[in-house]
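Some notes on the structure that comes next.
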């Protein structure tokens, strides 16, 4: 009995030590669990059980427990009853995560409702596209390539949720995992960064911004940061300090789960490298650019309406929305939602060099700009778009560029193939080989 007592005391000591050691991380775990459960349930329409078994089923998020209020659309998450975090859903703004031990601020501004044009068929409308058979496509090979990107029943190694192949403006192949279809909104994570870059392109075409502008924020007026350009921020080469580490408490996890105003984290960082000399991927930079974008509008309402009226509605992206932080800033780094087909429309806008059904929404020079490699990125990054200029995917064309997000969200734009490929997934650890997937799809073109 005495020996058992010592063993139990030792185990208790270990448990207490682990809790104390990991306690600060519980804030992030509970915050992620609550926010993602809330968004997946109330924005995407998934059930609590489905989200727990899929979207939130990876360590350490899978240890969280939930209290869900479907009437008021709130989710509270905790770990062993500790560090409770609450997320609240607001129509057209998604879910906001309340700060620990703080009440949710009153939301008073909402973006304009969607008012999309009444074009019939995809891509300009939302009706199923008319059937078109291309003589230069081997449909048997194509369908096999699409099939190979999905898990067999009972397996979860590839974790593809949607795959849409668009060729010459026609959907030539489309497949969804169980629980998803053409109407299912899916979080694009960092693909939202490319949405923000697109909005900057619209602003530039309208003559409202200059990518070479300096003296961007009054907080930088008295030091070297006053020389940082929009161009260097768009290319992630500002030289500002930033740690993009999702496995520990870092700049990015503090920003997403512990800050009321997500634009402030990068704003108050010091220069670590000479401006324009060093590429460093930074979600903080994207949200800082979002702050600059917000400052260009005379009212918060105009800021909220801008992406809806000037981008989503023009492309007929009626499913698209971007969630905000507690200060009403769009979280351009991470929280954009749309169906797979609608993510494809954004890719088609770039494939058509900024022209949409006769209207030049972006200048051709902006499309070239975002797809041109920035210094020190080894040909892998442009202006908030990922590139294949360095051949990181050896069996894909070098002119291919893409929007990419956490967990394997991809919109590939391939001008030389007149093609856009959308792949949405749930990869924490996956066996999918994106180079092989693309090679097989391209192999169907004769």
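The values are calculated or read from the model by the stated rules, or taken from the named source; none is laboratory data. On a predicted model such as this, the values are computed, not experimentally measured, just so you know. Note that each Cβ is placed from the backbone with ideal geometry, even for glycine, and that neighbours are counted across all protein chains shown.
For this structure, a couple of remarks:
- Filter result for residue 35 (surrounded by 20 or more Cβ atoms within 10 Å (Cβ to Cβ) and assigned to a helix (DSSP H, G or I)): yes
- Per the conditions (1) part of a loop (DSSP other than H, G, I, E, B); (2) surrounded by fewer than 19 Cβ atoms within 10 Å (Cβ to Cβ); (3) free of Cβ contacts under 8 Å to residues at least 60 places away in the same chain; (4) at negative phi, the sole criterion not satisfied by residue 431 is (3).
- Check on residue 247, without any contact (Cβ under 8 Å) to a residue 12 or more places away in the chain, touching a helix residue (DSSP H, G or I) at 6+ places or on another chain (Cβ under 8 Å), over 24 Å from residue 204 (Cβ atoms) and part of a loop (DSSP other than H, G, I, E, B): no
- Among the residues here, residue 17 does not qualify as surrounded by fewer than 20 Cβ atoms within 10 Å (Cβ to Cβ), out of contact with any strand residue (DSSP E or B) (no Cβ under 6 Å at 6 or more places or on another chain), modelled with pLDDT of 95 or more and closer than 23 Å to residue 247 by Cα.
- Among the residues listed as 194, 238, the single one being crowded, with 22+ Cβ neighbours inside 10 Å and either more than 30 Å from residue 29 (Cβ to Cβ) or more than 20 Å from the chain's Cα centre (by Cα) (or both): 238
- Strands (runs of 3 or more DSSP E) wholly inside the stretch 63-115 containing at least 1 residues that are in contact with a helix residue (DSSP H, G or I) (Cβ under 7 Å, 6 or more places away or on another chain) and more than 20 Å from residue 262 (Cβ to Cβ): 65-69, 74-79, 82-90
- When the stretch 356-370 is filtered for residues that are assigned to a helix (DSSP H, G or I), surrounded by 18 or more Cβ atoms within 10 Å (Cβ to Cβ) and out of contact with any strand residue (DSSP E or B) (no Cβ under 8 Å at 6 or more places or on another chain), the ones remaining, listed by number, are 366, 367, 369.
- Within the stretch 271-294, the set of residues being over 23 Å from residue 386 (Cβ atoms) and in contact (Cβ under 8 Å) with a residue 40 or more places away in the chain comprises 271, 291.
- Only one entry of 186, 171 meets the criterion of being in contact (Cβ under 8 Å) with a residue 40 or more places away in the chain and under 21 Å from the mean Cα position of the chain (by Cα), and that entry is 186.
- Residues in the stretch 265-284 that are within 18 Å of the chain's Cα centre (by Cα) and part of a loop (DSSP other than H, G, I, E, B): 280, 281, 282.
- One residue alone among 226, 260, 182 is surrounded by fewer than 18 Cβ atoms within 10 Å (Cβ to Cβ) and assigned to a helix (DSSP H, G or I), and that residue is 226.
- Candidates 92, 55: the one that is surrounded by 11 or more Cβ atoms within 10 Å (Cβ to Cβ), under 24 Å from residue 322 (Cβ atoms), at pLDDT below 95 and under 24 Å from the mean Cα position of the chain (by Cα) is 92.
- Residue within the stretch 371-382 that is in a loop (DSSP other than H, G, I, E, B), at pLDDT 95 or above, buried (at least 16 other Cβ atoms within 10 Å of the Cβ) and under 17 Å from the mean Cα position of the chain (by Cα) present: yes
- Residue match in the stretch 393-404 (condition: within 22 Å of residue 332 (Cβ to Cβ) and in a loop (DSSP other than H, G, I, E, B)): no
Yes or no, residue by residue, for (1) at pLDDT below 95; (2) under 19 Å from the mean Cα position of the chain (by Cα); (3) crowded, with 24+ Cβ neighbours inside 10 Å:
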| residue | (1), (2), (3) |
| --- | --- |
| 311 | no, yes, no |
| 320 | no, yes, yes |
| 340 | no, yes, yes |
| 354 | no, no, no |
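- When the stretch 383-392 is filtered for residues that are in a loop (DSSP other than H, G, I, E, B) and within 16 Å of the chain's Cα centre (by Cα), the ones remaining, listed by number, are 383, 384, 385.
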